[in-house]
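Read the structure below first, then the notes.
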Amino acid sequence: MRWTALVLSVLIALFPLSHASAQQTTLKDAYQGCFLVGAALNPAQFSGADTQEAALVKTQFNTISPENVLKWEVVHPRPGDYDFSLADKYVEFGQQNHMFIIGHTLVWHAQTPKWVFEDKDGKPVSRDALLERMRDHISKVVGRYKGRINGWDVVNEALNEDGTLRQSPWRKIIGDDYIEKAFRFAHEADPAAQLYYNDYSLENEAKRKGALELVKQLLAKGVPITGVGLQGHFDMNWPSSEQIDATVNEFGKLGVKVMITELDVDVLPAATPSQTAEVSLHVASDPKLNPYPNGLPEAVQKELATRYADLFGAYAKHCGLVTRVTFWGVTDKNSWKNNWPVRGRTNYPLLFNRKAQPKPAFYAVISAAPKKSP
Ligand code: G3I
């Protein structure tokens, strides 16, 4: 048993009421003065249709991200046809609750319709035409929420696992400078918004090196990048606290803000050997990959609590440099991890269970917060 697990079990045994008092404390209050704490929301939560989860979000979080409603295919499904109906509701929810509102995401290889990259004959568009489409999209979307969306994931997942640039349609058609162009267009549309590069598995050295080099080059060219989003799609063992520490420190040294933008911890057996969050990956279902369809055994529940305590311990060492920690979802019920990379599994990656009740991991995160002086 790791030392944090030991300390947690002793504390819970000695102070059975500590859960009740921890319940008074919320995530956002526990980490006030250290970093913002947030969650990615779905329409049922920000429209209030799911009253229980909407209330939970208001109580626990001071920053929100849109899980899907600001992606290109949702806001701009056809040429010249923008649909902001869901995105407007998302932003209103954030404003009404005085939250730091994130926009996700402007330039990505996934969830972007094929027409974006094609001319009317289905052939690849020219560099200039694609740059014009990118500029139009960014100026319309960022411009609409100018002064209301506070930070944007401008470019999402542009790197391969070995740290080289991914050969996405953006890069194929425009060239490597598509990244810098996206940041410049976003800055043009809202000069006050924070602008981020966002990716997963940057805790792994090769990919991290590639991202560090990318950010360094952008800064050297005067590109308006303010921060790096470390997505944080983790499992029970990877990454280590040392990898997290090194990653936060190395980006911090470049002078950019660091944020954890999509945190969750997969408790199920790994379906692939690689540490990835690549959305196109699909693995066939197999009962062996879904061992807890009727509930998480207590021992695993405790392990998850320890894992979360360790993660927040590692982030809290960097209060101020880490400016935000956002979970990718609110409760286990709607997590994307139930359907990726294997469809129809029962996963338990977040702090609130399927009934929106706090799990032991919630109390562990509250307990890991830096103690405030009275
Ligand atoms: O909107 C359709 C709906 O009309 C249809 O009935 C339903 C049937 O499956 O699908 C709906 O679309 C799904 C969409 O989520 C909204 O629920 C897509 O199939 C599904 O692929 C999509 O998955 C999202 C995925 O990104 C791809 O966009 C996940 O919810 C979302 O959590 C995930 O988030 C990404 C981040 O944006 C970037 N980093 C990795 C992260 C996890 O993959």
The stretch 167-209, subset open to solvent by less than 30 Å² (accessible area, probe 1.4 Å) and β-branched (Val, Ile, Thr), residue farthest from residue 140 (Cα to Cα) | 174
Does any residue of the stretch 315-325 turn out to be within 16 Å of the ligand (Cβ to nearest atom) and not basic (Lys, Arg)?
-> yes
Residues of the stretch 141-166 that turn out to be on the phi < 0 side of the Ramachandran plot and open to solvent by 10 Å² or more (accessible area, probe 1.4 Å), as a count | 11
Scan of the stretch 259-277 for residues that are touching a residue at least 24 places away in the same chain (Cβ under 8 Å), open to solvent by 10 Å² or more (accessible area, probe 1.4 Å) and assigned to a loop (DSSP other than H, G, I, E, B), ordered by number | 267, 268, 270, 271, 272, 274, 275, 276
Before we move on, is residue 337 charged (D, E, K, R), open to solvent by less than 30 Å² (accessible area, probe 1.4 Å) and touching a Pro at 6+ places or on another chain (Cβ under 6 Å)?
-> yes
Could you count how many residues in the stretch 48-91 are assigned to a helix (DSSP H, G or I), more than 16 Å from the ligand (Cβ to nearest atom), open to solvent by 40 Å² or more (accessible area, probe 1.4 Å) and touching a residue at least 12 places away in the same chain (Cβ under 8 Å)?
-> 3
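Against the condition away from the ligand (no atom under 16 Å from the Cβ), assigned to a helix (DSSP H, G or I) and either over 25 Å from residue 290 (Cα atoms) or open to solvent by less than 10 Å² (accessible area, probe 1.4 Å) (or both), how does residue 369 come out, does it pass?
Working: away from the ligand (no atom under 16 Å from the Cβ): yes; assigned to a helix (DSSP H, G or I): no; either over 25 Å from residue 290 (Cα atoms) or open to solvent by less than 10 Å² (accessible area, probe 1.4 Å) (or both): yes.
It is false that residue 369 is away from the ligand (no atom under 16 Å from the Cβ), assigned to a helix (DSSP H, G or I) and either over 25 Å from residue 290 (Cα atoms) or open to solvent by less than 10 Å² (accessible area, probe 1.4 Å) (or both).
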Take the residues in the stretch 233-247 that are without any contact (Cβ under 8 Å) to a residue 60 or more places away in the chain and within 24 Å of residue 67 (Cα to Cα), then tell me which one is surrounded by the most Cβ atoms within 10 Å (Cβ to Cβ).
-> 239
In the set 344, 320, the lone residue that is open to solvent by 20 Å² or more (accessible area, probe 1.4 Å), more than 18 Å from residue 236 (Cα to Cα) and without any contact (Cβ under 8 Å) to a residue 60 or more places away in the chain is 344
Name every residue in the stretch 188-214 that is touching a residue at least 60 places away in the same chain (Cβ under 8 Å) and within 17 Å of residue 263 (Cα to Cα), in order of residue number.
-> 196, 198, 200, 201, 204
Odd one out for residue 33 among (1) over 23 Å from residue 140 (Cα atoms); (2) within 15 Å of the ligand (Cβ to nearest atom); (3) in contact (Cβ under 8 Å) with a residue 12 or more places away in the chain; (4) outside any strand (DSSP E or B) | (2)
Looking only at the stretch 250-264, decide whether some residue is closer than 19 Å to residue 161 by Cα, at pLDDT 95 or above, charged (D, E, K, R) and within 16 Å of the ligand (Cβ to nearest atom).
-> yes
Given (1) away from the ligand (no atom under 13 Å from the Cβ); (2) within 21 Å of residue 241 (Cβ to Cβ); (3) in a loop (DSSP other than H, G, I, E, B), index of the condition residue 311 fails = (3)
Has the stretch 280-293 got at least one residue that is outside any helix (DSSP H, G or I), among the charged types (D, E, K, R) and within 16 Å of the ligand (Cβ to nearest atom)?
-> no
Subset of the stretch 196-208 that is touching an Asp or Glu at 6+ places or on another chain (Cβ under 9 Å) and in a helix (DSSP H, G or I) - its residue that is farthest from residue 157 (Cα to Cα) = 206
Helices (runs of 4 or more DSSP H) (entirely within the stretch 112-193) containing at least 3 residues that are farther than 30 Å from residue 89 by Cα and more than 23 Å from the chain's Cα centre (by Cα) = 127-144, 169-174
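The values are calculated or read from the model by the stated rules, or taken from the named source; none is laboratory data. Please read these numbers as outputs of a predicted model, since none were measured by experiment. Backbone-built Cβ (ideal geometry, glycine too); neighbour counts: all protein chains shown. Just so you know, the surface numbers come from the protein's heavy atoms only, side chains and all, with ligands and any DNA or RNA stripped out. Shrake-Rupley method; radii C 1.70, N 1.55, O 1.52, S 1.80 Å.
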